[in-house]
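Note sheet for the following structure.
The values are calculated or read from the model by the stated rules, or taken from the named source; none is laboratory data. Keep in mind that what you see is a predicted model, and the values were worked out from it rather than measured. Heads up, the Cβs are rebuilt from the backbone with ideal geometry, glycines too, and the neighbour counts pull from every protein chain shown.
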């Protein structure tokens with residue numbers, strides 16, 4: 001299956017509780033941390049909510 005490579009670029013200190021929960025669900029905890037997650041509608045929806053905090057590329 002296709003995957004996303006996601007990197008947290010900005011601090012989550014100014015984000016809302018919902019955005020912080022999405023980042024935690026994606027596995028992102030520290031700035032400049034990179035994770036790979038499977039591409040599905042759930043992860044795509046999470047990325048749309050935090051797209052201003054992360055860099056995302058499809059693998």
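The strands (runs of 3 or more DSSP E) found wholly in the chain and carrying at least 2 residues that are at pLDDT 95 or above and surrounded by fewer than 14 Cβ atoms within 10 Å (Cβ to Cβ) occupy 34-38, 54-58.
Number of residues in the stretch 12-24 that are touching a residue at least 24 places away in the same chain (Cβ under 8 Å) and under 12 Å from the mean Cα position of the chain (by Cα) equals 4.
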